[in-house]
């Protein structure tokens, strides 16, 4: 299932590891990040986004089969949208900041 384009309105924001985490009131891992958001419930951890990102926005989070691509440096994003394009589960949403 693709990331919810309205996740900021449909979920409750909390903070985890200095990133905003958007959680449902129900179970699930949530969506991590704001400008570069990764739905940890949809992410399969294949690393395509990590490989394609020219400015190293992503780090691995977790271990083994449970690892996910964490947008640890989302403020460094140059909005090339490569990560969105290569994600096989459409688990990433990049939103260009308003100036």
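Every number in this text was worked out from the coordinates using simple rules, so none of it is lab data. Everything quoted here is computed from the prediction, not taken from an experiment.
Structure notes:
- Share, in percent, of DSSP beta bridges within segment 7-94 that are antiparallel, nearest 5: 100
- Matching label, Cα extents along the principal axes in Å computed from the structure shown, candidates (1) 33, 31, 22; (2) 31, 26, 22; (3) 39, 34, 25: (3)
- The chain: relative contact order in percent, alpha carbon pairs under 8 Å with at least 6 residues between: 28
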